[in-house]
Ligand code: ADP
Ligand code: MG
């Protein structure tokens with residue numbers, strides 16, 4: 001179709017006329033309404049819009065956690081719209097996608113080290129020594145080496161979100177999705193988390209799509225996609241604000 005597109009291999013996810021309708025019939029909600037969207041490798045993109053505009057639904061469809069009721073979703077060249085079993089969906093997520101949630105969603109009985117290690121064990125592409133090296137490397141990048149043996153309830157909110165970022169990134173997925181990652185954090189901690197996400201984008205080339213209400217986080221995006229009532233109502237490309245730097 002888009003024969004003029006420079007390098008299709010750079011497209012990580014593509015949505016074509018993707019809609020997600022809840023409660024079809026009288027009380028139907030078009031949480032996504034004929035969305036066309038391409039995410040390319042290396043993007044740092046914000047989904048912005050009021051509560052209920054469809055940000056989470058879109059992220060779930062980008063991440064193969066949900067499927068559109070019509071239209072098409074392609075992840076890493078594979079059509080994932082229909083006909084996949086739950087196990088096949090899980091396999092695509094495990095291989096290609098890392099999630100960061102507003103409420104961190106760490107496993108409470110595992111330490112910081114073990115939460116990241118567990119994601120790599122499930123991923124199954126590294127041997128035991130490689131896993132140890134990768135977890136140590138992530139903890140160092142995250143500035144969490146001295147907190148490695150703490151469980152989530154022994155970590156601050158910002159530290160928990162850093163572990164969650166490490167868990168999402170450790171397997172080097174094609175795509176990192178973050179649903180309002182700074183919503184439960186104070187201002188300064190949010191800035192540290194934003195700086196960390198940007199560093200991971202720039203140093204590891206990780207592709208990020210995140211939803212946010214946070215003006216400050218928005219200011220760091222290179223592309224902003226605005227949603228209202230399940231539709232894309234605007235798009236901007238920008239030069240991101242200079243990094244404020246993390247001050248641990
Ligand atoms: P946002 O993340 O931007 O706040 P959501 O994607 O969560 O928006 O929701 C988009 C719309 O879809 C809202 O109107 C919401 O009420 C509706 N919605 C979301 N999930 C469900 C569900 N499981 N059942 C019915 N309606 C839903
Ligand atoms: Mg949401």
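Observations on the model:
- The residues on offer are 47, 37, 65, and the sole one that is surrounded by 14 or more Cβ atoms within 10 Å (Cβ to Cβ), within 14 Å of ligand 2 (Cβ to nearest atom) and assigned to a strand (DSSP E or B) is 47.
- Residue 83 being within 16 Å of ligand 1 (Cβ to nearest atom) and on the phi > 0 side of the Ramachandran plot: no
- Being touching a residue at least 60 places away in the same chain (Cβ under 8 Å) and in contact with a helix residue (DSSP H, G or I) (Cβ under 6 Å, 6 or more places away or on another chain) is a property that holds for residue 173.
- Residue count for segment 15-28 under the criterion of being farther than 11 Å from residue 69 by Cβ and either touching a helix residue (DSSP H, G or I) at 6+ places or on another chain (Cβ under 8 Å) or modelled with pLDDT of 95 or more (or both): the result is 3.
- Subset of segment 73-109 [without any contact (Cβ under 8 Å) to a residue 60 or more places away in the chain and in a strand (DSSP E or B)]: 78, 79
- Selection count, segment 121-155, where residues are assigned to a loop (DSSP other than H, G, I, E, B) and either touching a strand residue (DSSP E or B) at 6+ places or on another chain (Cβ under 8 Å) or surrounded by 13 or more Cβ atoms within 10 Å (Cβ to Cβ) (or both): 7
- The lone exception for residue 201 - which of (1) under 26 Å from residue 133 (Cα atoms); (2) surrounded by fewer than 16 Cβ atoms within 10 Å (Cβ to Cβ) it fails: (2)
- Residue within segment 158-171 that is buried (at least 16 other Cβ atoms within 10 Å of the Cβ) and in a loop (DSSP other than H, G, I, E, B) present: yes
- Of the numbered criteria (1) crowded, with 16+ Cβ neighbours inside 10 Å; (2) over 13 Å from the mean Cα position of the chain (by Cα); (3) more than 8 Å from ligand 1 (Cβ to nearest atom); (4) under 19 Å from residue 226 (Cβ atoms), the one residue 31 fails is (3).
- Qualifying residues in segment 207-222 (those that are in contact (Cβ under 8 Å) with a residue 40 or more places away in the chain and away from ligand 2 (no atom under 16 Å from the Cβ)) - the one surrounded by the fewest Cβ atoms within 10 Å (Cβ to Cβ): 222
- Subset of segment 180-198 [without any contact (Cβ under 8 Å) to a residue 60 or more places away in the chain, farther than 23 Å from residue 51 by Cα and surrounded by 19 or more Cβ atoms within 10 Å (Cβ to Cβ)]: 192, 196
The values are calculated or read from the model by the stated rules, or taken from the named source; none is laboratory data. These numbers were taken from a predicted model, which means no experiment stands behind them. Cβ coordinates were reconstructed from backbone atoms using ideal geometry, including for glycine residues, and neighbour counts include every protein chain displayed.
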